[in-house]
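**Q** Here it is: the structure, laid out below.
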Amino acid sequence: MSDESERPAPDVPGTDDPTPAQSEPGPPAIGRPSAPVTVAPPPPPPPPPPPRARRGPRAAFSLAALLALALLLAAGAWAVWVLGPVDAGDPSPVAFEVASGASASRVAADLEAAGLLRDRRALLAVLRLRGDQGRVGEGLYDLRRDLTVPQIADALVRGGRPRTARFVLPEGVRANDVLRRLEAAGWEREAVDGVARILADPPPEARPAGLPDGAGLEGYLFPATYELPLRFAADEIVSAMLARFEREVSGVVLAELERLELDLHAWVTLASMVQAEAGHDGEMGIIAGVFLNRLDLGMPLQSDPTVAYGLGKDLPELDRPAGDFEADHPWNTYTRAGLPAGPIGNPGAAALAAVLTPTRTDEAGRPWLYFLHGFDGDDPVFRPNLGFDDHLRDVGRYLR
């Protein structure tokens, strides 16, 4: 064989081998055409994003409107909350006081501190809106935690009740004791001193009809329970007591006084003596009768309480051995005839009535001229008598 028969056959395209041989790229063989190279096309670029919608004026307005609505709703909810009651389920009263001259701001702050407001600014806003910030009334209020702010504002504008003090004048109380009771009730010393001056030397507007010149107001301070504003000045306090006395002086009373030939001052003076002498109301008619009978007969009244009053003592403090009954003064009805210089206390309604409707005689029509208080063992005794001998007998029996 020849050498040529040993050479391999060249690759011819289109033969049975479907896959072309892969070879390293290199320069093409001389004298031969180069094999075609297949290149894959690049992937298509991604589609562009859709264009973003441009925000126009209408969209911006809608967003602003939504934001404003949300703010309005929030503000409305806050307003409902802050103007509402602190505790809708608590109707219990809460005492609150507005001092004289307190500003609306001061009152709002105090209400907030007392737990009656959630925010003081809410009350101030309501008052300012109504034009009522200068109309908050002083005084005491019974507020509640279930009240709304507008309801609290309404109450403040209506005004509170005044702070009051209560004092009791018992039957027979003396004027100097009235002063102590006023001070104990809470009035300032200045007001009490002013009352003392008026009682001792009443001005014309504080003088009851028929009050003698130089007389004070002892006897005209009617015994009762008084509840007066603490802001009352001295003249207002005295006026309240005098007004209560005037209610006892009716036309019927004046007619009866004329029948008895007594003026108003004598009536009050006698009633004050009856009040001081009586152990209880049931004795007053006879005691009044004894004094009236003695006056008619020109006998001295000989009333121990008048002596005590003139000496500035209480009745148990009288000292006969020390000469108290012989000490002469305008109220001593042992040393002087007739009525004492004036009332020795402030009589109540029963004593005043007893002078108008006295029991002057016994069942046989004989006038009562004496009486005493003593004891039969441990039992108190009231003994009226017609004559001096019977009176001395009872003195020995019930006063020894």
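The values are calculated or read from the model by the stated rules, or taken from the named source; none is laboratory data. All values derive from a computational prediction rather than experimental measurement. All Cβ positions, glycine included, derive from the backbone under ideal geometry; neighbour counts span all protein chains shown. Note: accessible area is taken over every heavy atom of the protein model, side chains too, but ligands, DNA and RNA are not part of it. Shrake-Rupley method; radii C 1.70, N 1.55, O 1.52, S 1.80 Å.
**Q** Note down the relative contact order for the chain as a percent, whole number, built from C-alpha pairs under 8 angstrom at least six residues apart.
**A** Result for the chain is 12 percent.
**Q** Something else about it: So, by mean Cβ neighbours within 10 angstrom, what's the order for 70-80, 117-127, 364-374 with the highest one leading?
**A** Highest-to-lowest ranking by the protection proxy: 117-127, 364-374, 70-80.
**Q** Could you tell me which label, among (i) 54.6, 203; (ii) 36.8, 131; (iii) 22.0, 68, carries the value of Rg and Dmax of the Cα atoms in Å calculated for this structure?
**A** Given (i) 54.6, 203; (ii) 36.8, 131; (iii) 22.0, 68, the calculated one carries the label (i).
**Q** Alpha carbons only, please: Rg and Dmax for segment 318-384, in angstrom.
**A** When restricted to the Cα atoms of segment 318-384, Rg and Dmax are 15.5, 41 Å.
**Q** Using alpha-carbon pairs under 8 Å, 6+ residues apart, how would you state the relative contact order of segment 90-137 in percent?
**A** 34
**Q** From the protein chains alone at 1.4 Å, what is the descending order of accessible area for 280, 391, largest first?
**A** 280, 391
**Q** Under 5 Å between amide hydrogens, which residues at least 5 positions from residue 164 or on another chain qualify, with H placed 1.01 Å from N in the peptide plane?
**A** 230
**Q** Students often check this: by mean Cβ neighbours within 10 Å, which of 264-272, 245-253 ranks highest, and how do the rest follow?
**A** For the peptides 264-272, 245-253, the packing ranking is 264-272, 245-253.
**Q** Also, quick follow-up: If you average the alpha carbon positions of segment 67-128 and of segment 221-270, how far apart do those two centres end up, in angstrom?
**A** A separation of 49 Å, based on Cα centres.
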